[in-house]
Amino acid sequence: MKNEGITRDYSCEYFNPDIETMSRRQIEALQLERLQDTVRHCMNSEFYRKRFEEAGLKPEDIQSLDDLRKIPFTTKQDLRDTYPFGMASVPLEQCTRLHSSSGTTGNPTVILHTDKDIDEWANQVARNLWMVGLRPDDVFQNSSGYGMFTGGLGFQNGAEKMGMLTVPAAAGNSLRQIKFIKDFGTTAIHAVPSYLTRLKEVMDKEGVDPHKDTKLRVFAIGAEPHSEEQRKRIEEMFGVKAYNSFGMSEMCGPGVGFECKEQNGLHFWEDYYIVEIVDPETLEPVPDGEIGELVLTTLRREAMPLLRYRTRDLTRVLGRSCPCGRNHVRIDRMKGRSDDMMVLKGVNIFPIQIEKILMQFPELASNYLITLTTDEDNDNMTVEVELEELFTDDYQRLVALTKNIQRALKDEILLTPHVKLVPKGSLPQSEGKAVRVVDKRKVYQ
Amino acid sequence: MTIKQLSIFIENKGGTLINVLDILSKGGIQIIASTVADTQDYGIYRVLCDQPTRAFLMLREAGINVQLSDVIALSIDDEPGRAAQAISTLSQVGVSILYMYSFLWKGKGVLVLRAQPAEKAQEVITIQKLAYLTEIDFA
């Protein structure tokens, strides 16, 4: 995929100059054209054909961008209900890639890609990396999980498409990461922010000074919520610029939105997506600047276009122009979730997953509380759970129970929480919907 | 041979112990000996009292995590070396002690212990004719 034989002008700030510098009017004209194409194409999907029929809607009814609001929302539940291939808009034989979420809260969700989808996805990532000043003579180390997690292959393909030497280092093994950084002259890393903090700890222990001993200059960080303060700390720690990345597997993966050098919001690529911010209760659009739920419509996807997909992420529009010359909408960093999903160390966790495990232990009562805290720069989870009956007065057996719960939770959520047994009736009782999660992390404050 | 002890699960936080003591006090329960085993997150409060079954029901009624455990109360002379003697008798036959606490009762030393295996402990106490207390002694 490398560079596709195109000789690029390193001094040009844009990877796709024509698209990136479009005026608002040009962007909107392109969006309408692509929306109409997408809606027509969606009629190849059993799911959307039925959806449109039920809504009494025809593809021809979409005559303006405002008409988008006639189209019903698509939700994660729809993806689960049509698992695995019910939403595809092309025959399966035209698909070349599948990504899937863990599916621990019911059916997993499957996202299909054609060759062209993969290429368009790589183009978005390449555009982002170019935007923050990376060029084909940079060395890009992708320290993100590979496999089903889209941060691996997504950045791999994008960095390759941009023309960089790309190191698929994958997550973990900090000593090896540091060796690669030094030996290969790595200039850019993609990782979850909490991992970079961890990497710095190991560097300190090994006596490696990122300023003197490495060529690092750019970080792409994303896949877990982090505050501006956390970003600044990472930048100061390493003396490296860190740019916020937004992606979600439903859209493709990373690449959907990315900060430019201004670091004042993430440009969402409006030639690929229509961005709406709606009130999560009324589902009506909110004015620019007001926080609401991010809703995305894909404009270029072949295998599985999604119309008005409710991301559940809360954010706001910061502006539609930028000193960098791009008029693609600027979106604030994510402010939270409109559902109860927690994002911890890049892992998506729903309380129901925790509950399911706790219920397997007859020693435990049904009341529990999950508390998320930030300790230094690490996110931690504490699960307090009430003991049903004191089944023993042997301390060792209580410790063994705690360990068994911890192990079962780790198998489910891939993180090891602190588990605390508490007496029955000691957790706060709430009227109606129980409060299961207390998020004390700095990120949302 | 065994006597009933209350084992109460309490949280490591202010006010939880007094809550339990209040319930016992209102029920007219006389505490004879007690000990708190603490860990980072919670404690087990172990209590010998004059009416263990009644106290157990009262605590359970109040929603407290409580258990009645069978423990052995060895009676020893209040002299140096007696505890060592008693424990070594158990130890020699492979009985181990999960936990133990002691107090003075009517001029005698009392060793309250949970032994494992319990049957073997009772067997050796019978054979070696070690003195022990029963619930009647505290009632």
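Those helices (runs of 4 or more DSSP H) of the stretch A:23-127 in which 3 or more residues are touching a Lys or Arg at 6+ places or on another chain (Cβ under 8 Å) occupy A:24-42.
Of all residues in the stretch B:47-77, none satisfies the criterion of being under 27 Å from B:Leu130 (Cβ atoms), at the interface with another protein chain (Cβ under 9 Å from one of its Cβ atoms) and part of a loop (DSSP other than H, G, I, E, B).
Does A:Gln63 satisfy the condition of being over 19 Å from A:Val125 (Cα atoms) and touching a Leu at 6+ places or on another chain (Cβ under 9 Å)? Yes; evaluated as a whole, the condition is true for this residue. If only one of B:Leu104, B:Leu90, B:Leu111 is more than 12 Å from every other protein chain (Cβ to nearest Cβ) and part of a helix (DSSP H, G or I), which one is it? The conditions single out B:Leu90.
Summed over the stretch A:120-143, the residues that are more than 18 Å from the chain's Cα centre (by Cα) and among the aromatic types (Phe, Trp, Tyr) give a count of 2. Among the residues of the stretch B:25-77, write down those that are small (Gly, Ala, Ser) and either closer than 17 Å to A:Leu390 by Cβ or in contact (Cβ under 8 Å) with a residue 40 or more places away in the chain (or both). Residues satisfying the conditions are B:Ala33, B:Ser34, B:Ala37, B:Gly43, B:Ala55, B:Ala62, B:Gly63, B:Ser69, B:Ala73, B:Ser75. Of the residues that make up the stretch A:197-210, is at least one at pLDDT below 90, surrounded by 21 or more Cβ atoms within 10 Å (Cβ to Cβ) and not β-branched (Val, Ile, Thr)? No, that holds for no residue.
Quick test of your reading of the structure: A:Met304 fulfils all but one of (1) modelled with pLDDT of 95 or more; (2) in a strand (DSSP E or B). Name the failing condition by number. Among (1) modelled with pLDDT of 95 or more; (2) in a strand (DSSP E or B), A:Met304 violates only (2). The condition of being out of contact with any Phe, Trp or Tyr (no Cβ under 6 Å at 6 or more places or on another chain), among the hydrophobic types (A, V, I, L, M, F, W, C) and part of a strand (DSSP E or B) holds for A:Ala365.
Of all the criteria given as (1) surrounded by fewer than 22 Cβ atoms within 10 Å (Cβ to Cβ); (2) at pLDDT below 95; (3) not in a loop (DSSP other than H, G, I, E, B), the one not satisfied by A:Ile354 is (1).
The single condition among (1) polar (S, T, N, Q); (2) crowded, with 23+ Cβ neighbours inside 10 Å; (3) at pLDDT below 95 that A:Asn142 does not meet is (3).
From the set of residues in the stretch A:389-428 that are farther than 23 Å from B:Lys13 by Cα and not in a helix (DSSP H, G or I), which is nearest to the other protein chains (Cβ to nearest Cβ)? Among residues in the stretch A:389-428 that are farther than 23 Å from B:Lys13 by Cα and not in a helix (DSSP H, G or I), the one nearest to the other protein chains (Cβ to nearest Cβ) is A:Thr416. Out of curiosity, is B:Ile44 surrounded by fewer than 18 Cβ atoms within 10 Å (Cβ to Cβ), more than 11 Å from the chain's Cα centre (by Cα) and either among the hydrophobic types (A, V, I, L, M, F, W, C) or within 14 Å of another protein chain (Cβ to nearest Cβ) (or both)? Answer is no for this residue.
The values are calculated or read from the model by the stated rules, or taken from the named source; none is laboratory data. For clarity, every value in this text was computed on a predicted model and none was experimentally measured. A quick note on method: Cβ atoms are made from the backbone with ideal geometry, for glycine too, and the neighbour counts reach across all protein chains shown.
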